[in-house]
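Below you'll find the structure, written out as structure tokens, and then a few comments.
The values are calculated or read from the model by the stated rules, or taken from the named source; none is laboratory data. Since this is a predicted model, take the numbers as computed values, not measurements. Reconstructed Cβ throughout: ideal geometry from the backbone, glycine too, with neighbour counts over all protein chains shown. Note: areas computed on protein heavy atoms with side chains; ligands, DNA, RNA excluded. Shrake-Rupley method; radii C 1.70, N 1.55, O 1.52, S 1.80 Å.
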Amino acid sequence: MKNNIREIRRRMKISQEELADRCGVTRQTINAIENDKYDPTLSLAFRLAIHLDTTVDQLFIFEEDSK
């Protein structure tokens with residue numbers, strides 16, 4: 001699953017640390033999500049959307065496996 005978190009976060013001038021604090025996770029978690037190394041839980045996805053003033057479907061792009 002791809003995401004637009006980094007682009008939206010940077011546009012809003014919010015650091016990874018600040019977003020992490022707002023969402024109750026570590027900066028490393030935000031970094032892992034932005035680098036497609038970790039898919040957040042549904043509740044975290046909603047918290048990210050709230051704090052980035054957007055919707056979950058605008059944050060995440062589902063890509064089917066090519067198998």
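Tabulated values for the structure
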{"item": "Percent of C-alpha pairs per 5 Å bin, the chain, short to long", "result": "3, 18, 33, 29, 10, 4, 2, 1"}
{"item": "Estimated dipole of the range 5-59 in Debye, rounded to 20 [Cβ of Lys and Arg +1, of Asp and Glu -1, Cα centre]", "result": "160 debye"}
{"item": "Carbon + sulfur, % of accessible area of the chain - ligands and nucleic acids excluded, 1.4 Å", "result": "48 percent"}
{"item": "Neighbour count of at most 13 Cβ within 10 Å plus DSSP loop: longest GluC sites (Glu not before Pro)-free window in the chain", "result": "1-62"}
{"item": "Full-stretch length increase - Asp53, Lys37 - with 0.36 nm per residue and alpha-carbon distance subtracted", "result": "3.4 nm"}
{"item": "Cβ-Cβ FRET estimate between Ile61 and Gln28, R0 fixed at 35 Å, reported to 0.05", "result": "0.95"}
